[in-house]
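J.: I am attaching a structure below and will ask some questions about it afterwards.
What follows draws every value from the coordinates through simple rules; no lab data is involved. Keep in mind it's a predicted model, so treat the numbers as computed, not measured. Here the Cβ is made from the backbone with ideal geometry for all residues, glycine too, and neighbour counts use every protein chain on show.
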Amino acid sequence: MDVKDNPIGFFDSGVGGLSVLKQAIKLLPNEDFIYLGDSKNAPYGIKSVDEVRKLSFDAVEFLLKYNVKAIVVACNTATSAAIQQLRSTYKNIPIIGIEPALKPAVELSKNGKIVIMATPMTLTEKKFNNLMTRYKSKADIIPLPCAGLVEFIEQGILEGNEINDFIKGKFSNLEVQKITSVVLGCTHYPFIKKELINILGGKVKIIDGSKGTAAQLKRQLIINKFINLKDKKGKVKIFNSSNNQEILDISYKLLNI
Ligand code: DGL
């Protein structure tokens, strides 16, 4: 079988990476995709770097069994903990990561505050600190660790009083009227965009890295001559480490296919 016909592998700590997969399907409709949600071990964002690194290698090994031709680490936390080690271990396969989309946020909002919502680990790791060093003189950037938010989304709770109160609590020390953009630095968060708009108002720009990551995947497939040339719609298969039908149902619902 030609490599071009092989699927593309995605993984995340749970259902979050589906927000990235959604964009990839739009951009590459003829590709087949294999998605692994590691909900059994979610959330990653409050674990140690070593633990997340080990889980990331396990996820990649799982995907390689399906002969994937490229891998998307559809998780900001796993990207910060493991992308370098993964790339130097699996040299023959393109590995695409995701990081908080700080650049477009800074370009869009010259004035006002930019809030970066992400997991505690993403915000304390070197990768994010390098990003901060690059942009902190250009804008007023506030990192906002959101431990506990992923757990709602893993249960399929995307709106309502409970999550509304929770998000409001996270923003309670910030002057909301001074915020001009919010960067979603965790792939779970695009699924709660509606609730964020309820809280922050419609004028705040909400930015996530899913489109940029899908575009980077496409570029890598082109460079490696891995683009699938068939003209029929590709297939998507979702696996979840928790082996729980409910989470698979939530996953397909979030993907909306
Ligand atoms: N979706 C993940 C991310 O982008 C991590 C969520 C978690 O498991 O803490 O960071």
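J.: Which order do Asp32, Asp38 fall in if you start with the one that has the fewest other Cβ atoms within 10 Å?
T.: If I rank by nearby Cβ atoms, fewest first, I get Asp32, Asp38.
J.: On a 0 to 90 degree scale, rounded to 10, what angle separates helix 76-89 from the longest Cα axis of the chain?
T.: 40
J.: By the gyration tensor of its Cα atoms, with a ≥ b ≥ c the square roots of the eigenvalues, what is the shape of region 42-162: rounded for a/c under 1.5, prolate for a/b over b/c, or oblate?
T.: Oblate, because a/c is 1.5 or more while a/b does not exceed b/c.
J.: So how far, in whole Å, is the C-alpha centre of region 64-143 from the one of region 167-239?
T.: 12
J.: In sequence order, what are the phi-derived ³J(HN,Hα) couplings for region 216-226 according to the Karplus relation 6.51 cos²θ - 1.76 cosθ + 1.60 with θ = phi - 60°, rounded to whole Hz, with x for glycine and proline?
T.: After applying 6.51 cos²θ - 1.76 cosθ + 1.60, I find 5, 4, 4, 4, 5, 5, 5, 4, 8, 6, 9 Hz.
J.: Determine the relative contact order of the chain: mean sequence separation of Cα pairs under 8 Å and six or more apart, normalised by residue count, in whole percent.
T.: That works out to 30 percent.
J.: Sticking with this one: Going 7 Å from the Cα of Lys203 toward and past its Cβ, which residues in region 85-111 have a backbone nitrogen under 18 Å from where you end up?
T.: Under cut-off, by backbone N: 108-111.
J.: Under 5 Å between amide H atoms, partner at least 5 residues away or on a different chain: which partners does Leu144 have, H built in plane at 1.01 Å?
T.: Answer set, sorted by chain and number: Ile116, Met117, Ala118.
J.: Rounded, prolate or oblate for region 43-109? Axes are the square roots of the Cα gyration tensor eigenvalues, ordered a ≥ b ≥ c, and the cut-off for rounded is a/c under 1.5.
T.: oblate
J.: Additional query: Provide Lys22, Lys110 in ascending order of the number of other Cβ atoms located within 10 Å of each residue's Cβ, fewest first.
T.: Ascending Cβ contact count within 10 Å gives the list Lys110, Lys22.
J.: So how tilted is helix 245-255 from the main axis of the chain? Cα-based, degrees 0 to 90, rounded to 10.
T.: Result, in degrees: 80.
J.: If you put +1 on each Lys and Arg Cβ and -1 on each Asp and Glu Cβ, how big is the dipole of region 152-257 around its Cα centre, in Debye rounded to 20?
T.: It comes to approximately 840 debye.
J.: For a footprinting-style exposure proxy, rank Phe128, Phe10 by other Cβ within 10 Å, fewest first.
T.: Phe128, Phe10
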